[in-house]
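What follows is a set of notes on a single structure, which appears directly below.
The values are calculated or read from the model by the stated rules, or taken from the named source; none is laboratory data. This structure is a prediction, so every number in the text was calculated from the model and none was measured. Note: ideal-geometry Cβ built from the backbone for every residue, glycine included; neighbour counts use all protein chains shown.
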């Protein structure tokens, strides 16, 4: 019988890689919480109309990339979420979350887009995201950028290895419409030089032509009208305030007047954090301000801004800069031997877990040599050993597995009551020595 394999572009996450993900997820969550953001979780399936209204009917996502289907039970049109901002806004409106003031929210979860899988670009991918709803001040835009800068530091990226911040302003609606018409006029006059995608976008979403990666159009695009020429006083003041805050904080950035976002709802501040270490998929984080989306989705007008970080790309960057060693999955590997040793070993393992340690207990009969080999291979900091003598005395032998010289590893015989305290001290000593 043929084996069944997973869907191409929707990948399993297996140990030890899953331990790296857990570590990164914890660090990211800690940074978000430090800025007052609370977690929100939305379903991975939403009404298709949500994304048509929120993202825009003529975007690539809606036209070509969404996984949409008809619910066989009631005929409802549903879609696996391709992004999560629209879903967060939907949840805030549906549950009236902004009734008592603005909200800072963050999320983590899978997104889905039907496109050709390649490194850093998958059909199921994962994002960390942040949404600040009800905040219109440029200080909130700047705070989010400072938060990302702190996140790079928390994850151990040196300044030289961090993604570079590119910044732009999309202005307000009237400014964008004036710029849009200027783009239509400019590109229409050179329509024979546009590729098929750009010709299609000319009447639907001409701003996206600026984001074309076609080298044959680079010269044409470089001469296109710039949105910055259409910005009014209020838009410029907002942009200047964000830039000033970044400068004062010492966060480097580059203005990029060709930076656009692929979704219709952005205005004013837009940004991307990009790296040259991941090939074509160099954008690790992107976001900006979307002041009209809440009203567009049926809620009371409320300004907002946010961003998303691609988890796969972030971890690929971390591993490219310096391979990430997964943290040990357990602290202690419990080996045991002797007649009917497992019941006592189960009790000893529970005693250690009650003292805050992660314990893997050997299962089945095996020589102590074989068990110690498995203990070392488990990645645990310590081995705990119980034989007949230790069981009768209510003790165990604790042996360090990660010392500077394994042949001279430290070991102690301790009571079950003291085992947790002693084990933690020995683990800390090994952490200090290894720099973990």
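Could you give me the residue pairs with C-beta distances under 8 Å whose first residue belongs to the range 111-128 and is in the same structural domain as residue 308 (by TED's automatic domain parsing) and at positive phi, whose second residue is outside any loop (DSSP other than H, G, I, E, B) and buried (at least 19 other Cβ atoms within 10 Å of the Cβ) wherever it lies, and which are 6+ apart or on separate chains?
120/310; 120/312; 120/313; 120/316
I'd like to check something: does the range 372-395 contain any residue that is over 33 Å from the mean Cα position of the chain (by Cα), crowded, with 19+ Cβ neighbours inside 10 Å and under 15 Å from residue 425 (Cα atoms)?
Yes, there is a match, as at least one residue in the range 372-395 is over 33 Å from the mean Cα position of the chain (by Cα), crowded, with 19+ Cβ neighbours inside 10 Å and under 15 Å from residue 425 (Cα atoms).
How about the range 356-405: which strands (runs of 3 or more DSSP E) wholly inside it have at least 1 residues that are under 18 Å from residue 330 (Cβ atoms) and without any contact (Cβ under 8 Å) to a residue 40 or more places away in the chain? Please lay out each step first, then the result.
Values: elements: 359-361, 382-386, 395-400.
Fully inside the range 356-405 and qualifying: 359-361, 395-400.
If I ask for residues that are in contact with a helix residue (DSSP H, G or I) (Cβ under 8 Å, 6 or more places away or on another chain) and either within 17 Å of residue 111 (Cβ to Cβ) or at pLDDT 90 or above (or both), which ones from the range 35-55 would you list?
35, 39, 40, 42, 43, 46, 50, 51, 52, 54, 55
Name the single residue that is nearest to the chain's Cα centre (by Cα) among those in the range 128-141 being more than 18 Å from residue 89 (Cα to Cα) and surrounded by fewer than 21 Cβ atoms within 10 Å (Cβ to Cβ).
Looking at residues that are more than 18 Å from residue 89 (Cα to Cα) and surrounded by fewer than 21 Cβ atoms within 10 Å (Cβ to Cβ), I get 139.
Here are the criteria: (1) under 30 Å from residue 199 (Cα atoms); (2) outside any loop (DSSP other than H, G, I, E, B); (3) in contact with a helix residue (DSSP H, G or I) (Cβ under 9 Å, 6 or more places away or on another chain). Tell me which single one residue 28 does not satisfy.
(1)
Out of everything in the range 92-127 that is out of contact with any strand residue (DSSP E or B) (no Cβ under 9 Å at 6 or more places or on another chain) and part of a helix (DSSP H, G or I), what residue ends up being surrounded by the fewest Cβ atoms within 10 Å (Cβ to Cβ)?
The residue in question is 94.
Looking at the range 1-17 only, could you name the residues that are surrounded by 10 or more Cβ atoms within 10 Å (Cβ to Cβ) and modelled with pLDDT of 90 or more?
Matches in the range 1-17: 8, 9, 10, 11, 13.
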